[in-house]
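The values are calculated or read from the model by the stated rules, or taken from the named source; none is laboratory data. These numbers come from a predicted model, not from an experiment. All Cβ positions, glycine included, derive from the backbone under ideal geometry; neighbour counts span all protein chains shown. These area figures cover heavy atoms from the full protein model, side chains too; ligands, DNA and RNA do not enter into them. Shrake-Rupley method; radii C 1.70, N 1.55, O 1.52, S 1.80 Å.
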Amino acid sequence: MAKLIYASNVSLDGYIEDESGVFEWTAPDDEVLAFITDLVRPVGTYLYGRRLYDTMAVWEADPALAAQSDLMGEFANVWQAADKVVYSTTLATVSTSNTRLERHFDPSAVHDLKASATSDLTVGGSNLAAQAFKAGLVDVCHLFIWPVVVGGGKPAMPTDTRIDLELLDERRFNNGVVHLRYRPL
């Protein structure tokens, strides 16, 4: 069975964006971008909430972004090659290739997707990830802790559910970012 992976950039105080929806502090340097690209390279399907999908679609919609460096081009190629499932009740249509729209997150359908997949999946967007955690679907959690305190905003992890985690690995980057890899117990 394929694994469902949650990977997120997180402020030191646990948020993916501040109270204004700003997350510019998560722009990776080359070292972090290369690590993230290698992390998602084997992923076959991204499961996204609408807001994260809108943010990530730029990797296909804006070729100038990928042209900025070889590393950015490589990430764009990796992202574009994977399938995407966007969960949204408000999005009328998807704008990227290899993408389908689902109106509601169905844990049993995601379980079936994991069972039939030939490569791992990621879940992105904290609200969608919270649903996956609550359903017991997340197998691995990668948190990139950024050296910034934003004081509030959108939490990276579910706030109404206890989840015990086992630390599997950690890595410190030169820019102060710390990567933590966990397994939910």
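Residues checked against (1) of a type outside the set (Val, Ile, Thr); (2) open to solvent by less than 30 Å² (accessible area, probe 1.4 Å):
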residue: PHE144; (1), (2): yes, yes
residue: PRO155; (1), (2): yes, no
residue: ASP164; (1), (2): yes, no
residue: PHE173; (1), (2): yes, yes
residue: VAL177; (1), (2): no, yes
Problem set entry | Number of the exception - PRO28 against (1) open to solvent by less than 40 Å² (accessible area, probe 1.4 Å); (2) under 22 Å from PRO147 (Cβ atoms) | (1)
Exercise. Within the stretch 111-133, is there a residue that is without any contact (Cβ under 8 Å) to a residue 60 or more places away in the chain, assigned to a loop (DSSP other than H, G, I, E, B), over 19 Å from LEU185 (Cα atoms) and open to solvent by 30 Å² or more (accessible area, probe 1.4 Å)?
Worked result: no
Exercise. Between residues in the stretch 153-174 that are farther than 21 Å from PRO28 by Cβ and among the charged types (D, E, K, R) and residues that are open to solvent by 70 Å² or more (accessible area, probe 1.4 Å) and modelled with pLDDT of 95 or more, which pairs lie under 9 Å by C-beta distance while being six or more apart or on different chains?
Worked result: ASP160/LYS134; ASP164/LEU185; GLU166/ARG183; GLU166/LEU185
For this session: Could you check how many residues of the stretch 31-52 are open to solvent by less than 20 Å² (accessible area, probe 1.4 Å) and more than 23 Å from SER95 (Cα to Cα)?
Result: 2
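I'd like the residue in the stretch 72-109 that is over 15 Å from the mean Cα position of the chain (by Cα) and basic (Lys, Arg) and, out of all such residues, is most open to solvent (accessible area, probe 1.4 Å). I'd like the intermediate steps shown before the answer.
Taking the stretch 72-109 first, the residues over 15 Å from the mean Cα position of the chain (by Cα) are 72-74, 77, 81, 88-109.
Narrowing further to those that are basic (Lys, Arg): 100, 103.
Details: ARG100: 115, ARG103: 100 Å².
If we take residues in the stretch 72-109 being over 15 Å from the mean Cα position of the chain (by Cα) and basic (Lys, Arg), then ARG100 is most open to solvent (accessible area, probe 1.4 Å).
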